[in-house]
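First comes the structure, then the notes that go with it.
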Number of protein chains: 2
Amino acid sequence: MGDKPIWEQIGSSFVQHYYQLFDADRTQLGAIYIDASCLTWEGQQFQGKAAIVEKLTSLPFQKIQHSITAQDHQPTPDSCILSMVVGQLKSSLSWLSKECSLLALLSLELAEKHGCGLCVLRAVWQICGSPQSVIFEVINAELIVNN
Amino acid sequence: MGDKPIWEQIGSSFVQHYYQLFDADRTQLGAIYIDASCLTWEGQQFQGKAAIVEKLTSLPFQKIQHSITAQDHQPTPDSCILSMVVGQLKSSLSWLSKECSLLALLSLELAEKHGCGLCVLRAVWQICGSPQSVIFEVINAELIVNN
């Protein structure tokens, strides 16, 4: 990893950290958003740490796993890092596997200012293939059946 | 369209313009890149207008169509626009249809400075589902068969 540019190392660390929190305990994602952060989730817009954490923690599924298939990072002229991640949402039903994309704009300057290791300034989530609601309905059905 | 925020109007116009050029005549995409632009295409990095246009015009397919399924836009603190697009690459073979994602960071300030209507400062392309090379090989095979 030492021979990779610094923005790629930071971007990769962010992706690993973000998905670990997302899959294990979404309430902890509040640590990487600030009040200036914006999230677009499947076309819905949320601004500020509180609104974003409320959205992420109220998603209608409890257990899900991400499998990352590709990630790319670029530095921006104002010292941010632009990350794009493509992966799969997976549940324990093997046939339920949907492509998803995350775009994130990371600010190192604001992370330092706010005393957090990483700061997500802008984020966009999109689910490929079929409407997110369908995916979540299926996952809910599965959870009900399993319980 | 008039009730949409200005960044969303500009972002939507960019997406329409970009895909029209991409599908019809990729040589014209040079007009929206500058020497400070960076492109990551399926993990490969290209910097500067010349290198980006060379990559985009040397892609091993002649005819392709994009079908856009979702697009989201956000303004950034330094007056850029962050756009994320999910769509499908389509050829005339109906079974060949792959999800693709494009991230673009648009700079209005640099567009004005360089005398172009739109300026793509950062771009990332990712193909979901299967390696791009496989898709392009199939498209090439199709073109050979059709010719």
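The values are calculated or read from the model by the stated rules, or taken from the named source; none is laboratory data. Just so it is clear, the model here is predicted, and its values are computed rather than measured. In this analysis, Cβ positions are derived from the backbone assuming ideal geometry, glycine residues included, and neighbour counts consider all displayed protein chains. Protein only, heavy atoms only, side chains kept; ligands, DNA and RNA dropped before computing areas. Shrake-Rupley method; radii C 1.70, N 1.55, O 1.52, S 1.80 Å.
General observations
- Largest to smallest accessible area among A:Cys116, A:Cys100 [probe 1.4 Å]: A:Cys116, A:Cys100
- Bridgeable aspartates and glutamates around B:Lys4 (alpha carbons under 16 Å apart, same-chain partners fewer than 8 residues away excluded): B:Asp72.
- In the assembly of identical copies, A:Gln9 has its label point, taken 7 Å from Cα in the direction of the beta carbon, separated from the corresponding points by 4.5 nm (ascending, one decimal).
- Position B:Ser79, label points 7 Å along Cα→Cβ, spacing to each other copy in nm (shortest first, one decimal): 2.0
- Accessible area buried between chains A and B, both sides summed, probe 1.4 Å, in Å² to nearest 100: 2500 Å²
- Accessible-area order (highest first, 1.4 angstrom probe) of the listed residues A:His17, B:His114, B:His73: B:His114, A:His17, B:His73
- Sorted from closest to farthest, the other copies place their B:Ile68 label points 2.8 nm away, with each point set 7 Å from Cα along Cα→Cβ.
- Debye log10 I(q)/I(0) for segment A:15-61, one point scatterer per Cα, at q = 0.13, 0.24 Å⁻¹: -0.26, -0.89
- Whole-Å semi-axes of segment A:1-84's equivalent ellipsoid (Cα gyration tensor): 24, 17, 11
- Phi-derived couplings, Karplus 6.51 cos²θ - 1.76 cosθ + 1.60 at θ = phi - 60°, listed residue by residue for segment B:32-37: 10, 10, 10, 5, 8, 6 Hz, with x used for Gly and Pro.
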